[in-house]
Amino acid sequence: MYWNDDKNQTFKSLQNFKNWLDTKGQKLVFAMNGGKYEPDNSAQGFFIKEYKTVTPLDTTNGSGNFYLKPNEVFYTTTDNNAVICKTKNFINNSNIKYATQSGPMLVISG
């Protein structure tokens, strides 16, 4: 999961992300938006990058797509397992390497 470049500048678009990878001699094979964003381009809701919580879990109620229930957390673990769970069932622990929160949850029980 990428949000900022190595100078802490927000990508703001997949094209900017691709251009950044090009400067590093890397080829973008696949990319997609992994969450919702605030007007300042910060993550709306929970975001973990390399085991560090960047923004906290958002369990509040509100209007808009993000707050439609259930919303979800997608995360990967230290052993590279990918998990999608309802926000209300999410438990944060030291085994979570990357995570993002979004809503509404579109895939439930397979």
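The values are calculated or read from the model by the stated rules, or taken from the named source; none is laboratory data. All values derive from a computational prediction rather than experimental measurement. As a convention, Cβ positions derive from the backbone with ideal geometry for all residues, glycine included, and neighbour counts pool all protein chains shown.
For the reader, a short list of remarks on this structure follows.
- Close pairs from region 53-69: first within 13 Å of Glu38 (Cα to Cα) and among the aromatic types (Phe, Trp, Tyr), partner part of a loop (DSSP other than H, G, I, E, B) and at pLDDT below 90, Cβ under 6 Å, at least 6 apart: Phe66/Gly103
- Looking only at residues of region 10-32 that are surrounded by fewer than 11 Cβ atoms within 10 Å (Cβ to Cβ) and not hydroxyl-bearing (Ser, Thr, Tyr), we find that the one that is modelled with the lowest pLDDT is Met32.
Yes/no matrix, rows are residues, columns are (1) under 30 Å from Asn89 (Cα atoms); (2) among the hydroxyl-bearing types (Ser, Thr, Tyr); (3) in contact with a Phe, Trp or Tyr (Cβ under 7 Å, 6 or more places away or on another chain):
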{"position": "Asp5", "(1), (2), (3)": "no, no, yes"}
{"position": "Leu14", "(1), (2), (3)": "no, no, no"}
{"position": "Asp22", "(1), (2), (3)": "no, no, no"}
{"position": "Gly25", "(1), (2), (3)": "no, no, no"}
{"position": "Asp40", "(1), (2), (3)": "yes, no, no"}
{"position": "Ala43", "(1), (2), (3)": "yes, no, yes"}
{"position": "Phe46", "(1), (2), (3)": "yes, no, no"}
